[in-house]
1. Return yes or no: is residue B:61 more than 14 Å from chain A (Cβ to nearest Cβ) and among the small types (Gly, Ala, Ser)?
2. Out of the residues in segment B:1-26 that are within 13 Å of chain A (Cβ to nearest Cβ) and of a type in the set (A, V, I, L, M, F, W, C), which is farthest from residue B:112 (Cα to Cα)?
3. Check off (1) surrounded by fewer than 16 Cβ atoms within 10 Å (Cβ to Cβ); (2) touching a residue at least 24 places away in the same chain (Cβ under 8 Å); (3) in a loop (DSSP other than H, G, I, E, B) for residue B:80 and give me the number that stays unchecked.
4. I need the full set of residues from segment B:42-77 which are among the hydrophobic types (A, V, I, L, M, F, W, C) and assigned to a strand (DSSP E or B), in order please.
5. Just to be sure before I move on: is residue A:6 within 14 Å of chain B (Cβ to nearest Cβ), within 13 Å of the chain's Cα centre (by Cα) and farther than 26 Å from residue B:3 by Cα in the structure I sent?
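The values are calculated or read from the model by the stated rules, or taken from the named source; none is laboratory data. Quick caveat, the model's predicted, so the values are computed rather than measured. Cβ atoms come from the backbone with ideal geometry, glycine included; neighbour counts cover every protein chain shown.
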Amino acid sequence: GENVEQHPSTLSVQEGDSAVIKCTYSDSASNYFPWYKQELGKGPQLIIDIRSNVGEKKDQRIAVTLNKTAKHFSLHITETQPEDSAVYFCAASKGGSYIPTFGRGTSLIVHP
Amino acid sequence: GAVVSQHPSWVICKSGTSVKIECRSLDFQATTMFWYRQFPKQSLMLMATSNEGSKATYEQGVEKDKFLINHASLTLSTLTVTSAHPEDSSFYICSAPLAGGGSYEQYFGPGTRLTVT
């Protein structure tokens, strides 16, 4: 089955800095890669996603890049703010099957 | 985005009792919903796939007689933890995919914190 590795497990940055979280996947058939933000005591919230026919996608301060050949994808957050502090999960799925495989999560801490 | 709700948001029950958790898709229909369990500082663990009008599909190691799932309508799935024990204490989260139109997006509920005393 699919295996998703996510790094780092913890990321501490100063407000205004950029943050990068990286994930690798094992199944070349995976074609959908969502990223979720989970605040303490809440459910995960979809913040951005990318499909395998796209190399990069951007939404304001967040962007995701995908390298299908290397089977890795990354989340980039620019101009970080304290409210960006949360746990971020990457995931991979075969799209139509809908069941994603999640990474272990990255705890992002943005210091004011 | 689409909205998924859960009720209750938290519940405390005594050992041996049963607890029902509801998951609703508020603005879309979901023939499939998923139930996850999450331990502190860990990732989401898929427990089962809830299918409207048919039996749920459970992941390996999940006791189907302990975690009863009912998907009675296109907007409601329920998870009942039967004869709860302290080790069942956890954060339970449901999700529903936004099917149709080529969408692959999946939306999560806010979660239910279960504490068994």
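1. On the way: more than 14 Å from chain A (Cβ to nearest Cβ): yes; among the small types (Gly, Ala, Ser): yes.
Here the answer is yes, as residue B:61 does meet what is asked.
2. Applying the filter and picking the extreme gives B:2.
3. Residue B:80 satisfies all of (1) surrounded by fewer than 16 Cβ atoms within 10 Å (Cβ to Cβ); (2) touching a residue at least 24 places away in the same chain (Cβ under 8 Å); (3) in a loop (DSSP other than H, G, I, E, B) except (3).
4. Of segment B:42-77, the ones among the hydrophobic types (A, V, I, L, M, F, W, C) are B:44-48, B:56, B:62, B:67-69, B:72, B:74, B:76.
Across segment B:42-77, the qualifying residues are B:44, B:45, B:46, B:47, B:48, B:67, B:68, B:69, B:72, B:76.
5. Details: within 14 Å of chain B (Cβ to nearest Cβ): yes; within 13 Å of the chain's Cα centre (by Cα): yes; farther than 26 Å from residue B:3 by Cα: yes.
Answer is yes for this residue.
A quick yes/no check of all residues on (1) at pLDDT below 95; (2) within 12 Å of another protein chain (Cβ to nearest Cβ):
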site	(1), (2)
A:30	yes, yes
A:39	no, yes
A:58	no, no
A:64	no, no
A:77	no, no
A:80	no, no
A:86	no, no
A:96	yes, yes
A:105	no, yes
